[in-house]
Structures are given as structure tokens and as C-alpha cells.
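Please treat every number below as a calculation from the coordinates, not as lab data. Owing to the predicted nature of the structure, the values given are computational and were not obtained by experimental measurement. Cβ atoms come from the backbone with ideal geometry, glycine included; neighbour counts cover every protein chain shown.
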Amino acid sequence: MSLDRDDVEKIAHLARLALREEDIARYTRNLADILGLVEQMEAVDTRDVVPMAHPLERCQRLRPDEVRN
């Protein structure tokens, strides 16, 4: 996705951010790079990937859930 100066200025306005004039070009490039990365990630086929609750296989360090009087 390509962004232009007007898009970045509108995003900054909506986010209530004040951008300096000399920073707008850098923000435009950075946001375009981020959106490009998101597009690449969306293109990956994840149909056979099982969703995970946590990226590490760890057990909770909690007491066992046992019924007691």
C-alpha cells in the first residue's frame, strides 16, 4: 500500500500528533514500510496452522483445580 503526504498528515491529525515539516517524509516511508510488511504477512497461507494461546509451551504454576469441602 502506498501512502502519500496527505495520508500521513490526516493520520497525524486523527491521532492528535504534531509532526514537524521535516519529519513527514520519514514518517511516510516508515508507515508505508509497515503496511507493506502487513501485506506480506497477510499473503502467508495459515490454513493449517493451529492457533496458540502462548508462543511458549509452558504450564501454569497454579494449584491443581480440585474439588474440596
* Roughly what angle does helix 24-42 make with the longest principal axis of the chain, taking Cα atoms, 0 to 90 degrees, to the nearest 10? -> 40
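Quote the charge dipole size of the chain about the Cα centre in Debye, to the nearest 20; the model charges only the Cβ of Lys and Arg (+1) and of Asp and Glu (-1).
Working: 11 positive and 15 negative charges, 110 e Å.
With Lys and Arg at +1 and Asp and Glu at -1, about 520 debye.
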* Springs between alpha-carbon atoms under 10 Å, Gaussian network over the chain: tell me which of 37, 14, 56 tops the mean-square fluctuations. => 56
* Structure fact -> Square roots of five times the C-alpha gyration tensor eigenvalues of the chain, ordered largest first and given in whole Å, equal 44, 20, 10
